[in-house]
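Report on one structure; see the data block that follows.
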Amino acid sequence: MIPEVDFLRAKSFEEALFALSREPRTILAGGTDVFPSLKDGPLTGKILDISGIRELKMISNQKDVWRIGAAVTWQDLIMADLPPAFTALKLAAAEVGSTQIQKRATLVGNLCNASPAADGIPVLLILDAEVELMSRSSTRRIPLSSFILGNRKTAIKEGEMVSAICIPSKSTSGLSSFLKLGARRYLVISIGMIAVLINTNETGMITNIAVAIGACSEIAQRMPAVEKALEGVPLELAPEIISGTHFTNLSPIDDLRSTSVYRRDATLLGLKKLLKSQFLLRSCDDKSRL
């Protein structure tokens, strides 16, 4: 018996929202999470394909916000002309699977999958990203930290879909970086992830810093204790100031990839490495202006 599938490839955003208002559907963009979840089984049920909707494939700067549409791929992000603060996002994009996956998989799909090891979440947390959710009757925007509710759980309501990721322009100053820790360099689920966004003044003092850690708790976390400890500190000294006492909000687990102790220690060392690299980068940049 051939499994039944009701497959709708929406031609417009309005058509997609209308379909969702009538009945729940599995939303398909890149399909790189949906198809592996089938475990070699056939695609069944009610499917809504949004990959052909033009307005969802756009990255734009609109007044005080950057918008990343729901069908924007990782490859689109890598190739986009974005401020230096988005460097961490581009670095994360380059770590997602193979080149073929990067050309199909979407940033929003990565968020909606809501895996603790989702590459996009830490880098968007340091940018104070918000998630725009739309239905036929309403539009709402919520912080990313409120969108991810747990392992594979999100705040999407019936009849809604994510239309865009919104990043306030005020959060896009400074330089950022990203480090993914795994058993090998590429094509790996992370043991831990570190994302950092730093602003410094002319003397090299940290005026503002955002730090997020992924794969070390059920939901990726901003690190308020780290941020508080490093604000007002010379960037050169920052790696020596942070310690494991600043990581108490994390709750890493033991699994096949790593122990909880290793996760905590490795992410601490990874953060120190990023801070050192950011100091060297800024030092070279200062010399180039002389």
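Taken as a whole, region 67-85 holds no residue that is at pLDDT below 95 and either part of a strand (DSSP E or B) or touching a Pro at 6+ places or on another chain (Cβ under 9 Å) (or both). If you filter region 193-215 down to residues that are of a type outside the set (V, I, T) and free of Cβ contacts under 8 Å to residues at least 60 places away in the same chain, you find that the one that is surrounded by the fewest Cβ atoms within 10 Å (Cβ to Cβ) is E202. If the condition is being at pLDDT 90 or above and either farther than 19 Å from E132 by Cα or crowded, with 18+ Cβ neighbours inside 10 Å (or both), then region 4-18 contributes V5, D6, F7, L8, R9, A10, K11, F13, A16, L17. One residue stands out in region 20-41 among those that are free of Cβ contacts under 8 Å to residues at least 60 places away in the same chain and crowded, with 18+ Cβ neighbours inside 10 Å: the one that is farthest from the chain's Cα centre (by Cα), namely R25. Every condition in (1) exposed (fewer than 14 other Cβ atoms within 10 Å of the Cβ); (2) touching a residue at least 12 places away in the same chain (Cβ under 8 Å); (3) under 24 Å from T139 (Cβ atoms) is met by S60 except one, and the failing one is (2). Determine whether V162 is without any contact (Cβ under 8 Å) to a residue 24 or more places away in the chain and either surrounded by fewer than 21 Cβ atoms within 10 Å (Cβ to Cβ) or within 16 Å of I68 (Cα to Cα) (or both). Here the answer is no, as V162 does not meet what is asked. Quick one: is I53 under 16 Å from E132 (Cα atoms), buried (at least 21 other Cβ atoms within 10 Å of the Cβ) and among the aliphatic types (A, V, I, L, M)? Here the answer is no, as I53 does not meet what is asked.
Does at least one position in region 213-221 carry a residue that is in the same structural domain as E15 (by TED's automatic domain parsing) and either of a type in the set (F, W, Y) or part of a strand (DSSP E or B) (or both)? Explain how you work it out, then say what you get.
The initial filter retains those residues of region 213-221 that are in the same structural domain as E15 (by TED's automatic domain parsing), namely none.
Within region 213-221 (the criterion being in the same structural domain as E15 (by TED's automatic domain parsing) and either of a type in the set (F, W, Y) or part of a strand (DSSP E or B) (or both)), the answer is no, since none of the residues qualifies.
For S173, all conditions in the list (1) surrounded by 15 or more Cβ atoms within 10 Å (Cβ to Cβ); (2) touching a residue at least 60 places away in the same chain (Cβ under 8 Å); (3) touching a helix residue (DSSP H, G or I) at 6+ places or on another chain (Cβ under 8 Å) hold save one; what is the number of the exception? Result: S173 passes all but (1). Of the residues making up region 219-272, those that are among the charged types (D, E, K, R), out of contact with any helix residue (DSSP H, G or I) (no Cβ under 8 Å at 6 or more places or on another chain) and touching a residue at least 40 places away in the same chain (Cβ under 8 Å) number 2.
Taking region 100-177 and the strands (runs of 3 or more DSSP E) fully enclosed by it, the elements with 2 or more residues that are among the small types (G, A, S), modelled with pLDDT of 95 or more and within 18 Å of K57 (Cα to Cα) are at 161-168.
The values are calculated or read from the model by the stated rules, or taken from the named source; none is laboratory data. Values in this document were obtained by computation on a predicted structure and should not be read as measured data. All Cβ positions, even for glycine, are placed from backbone atoms using ideal geometry, and neighbour counts span all protein chains on display.
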